[in-house]
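Worksheet: the structure to be examined is printed underneath.
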Amino acid sequence: MLEQRTVSINIDNTKGESYFDGGLLSFIGWNILGFLITLLTFGICFPWALCMVYGWKINHTVINGRRLQFNGSAFGLFGLWIKWLLLCIITLGIYSFWVFISLEKWKVKHTRFA
């Protein structure tokens, strides 16, 4: 007969602290730079500005002693951005309600522990 064995693994998720180590001046600087890039390119480079600002935020975040790392690229987001724009135009703006969720999914997909 087959014998069943139970294996228990004790994972301690409280080994380290969670904190954010970004500063106010760099936060303001990155956001102004992202805004200017978006403004000067009439929104074409918004995916690049978004990756830049979001990457700064994630790269300064530590969860349970483990630093997060953002590995998304503006080039990868640009293709999705064009697709989302076309879907919004085709659906007369209805798809815009799903763009926020799709963008959050994309951010999470490209966030890892360093």
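Every read-out reported here was derived from the displayed coordinates using simple, explicitly stated rules and does not represent laboratory data. Note that the structure is predicted; figures quoted are calculated from it, not measured. Using ideal geometry, Cβ is built from the backbone for each residue, glycine included, and neighbour counts are taken over all protein chains shown.
Assorted remarks:
- Annotation: of all residues in segment 35-61 being of a type in the set (Ser, Thr, Tyr) and touching a residue at least 40 places away in the same chain (Cβ under 8 Å), the one that is surrounded by the most Cβ atoms within 10 Å (Cβ to Cβ) is 54.
- Count of residues meeting criterion [over 14 Å from residue 46 (Cα atoms) and either aliphatic (A, V, I, L, M) or in contact (Cβ under 8 Å) with a residue 40 or more places away in the chain (or both)] in segment 66-98: 12
- Applying the condition of being surrounded by 18 or more Cβ atoms within 10 Å (Cβ to Cβ) and not aliphatic (A, V, I, L, M) to segment 71-83 and asking which residue is nearest to residue 100 (Cα to Cα) yields 81.
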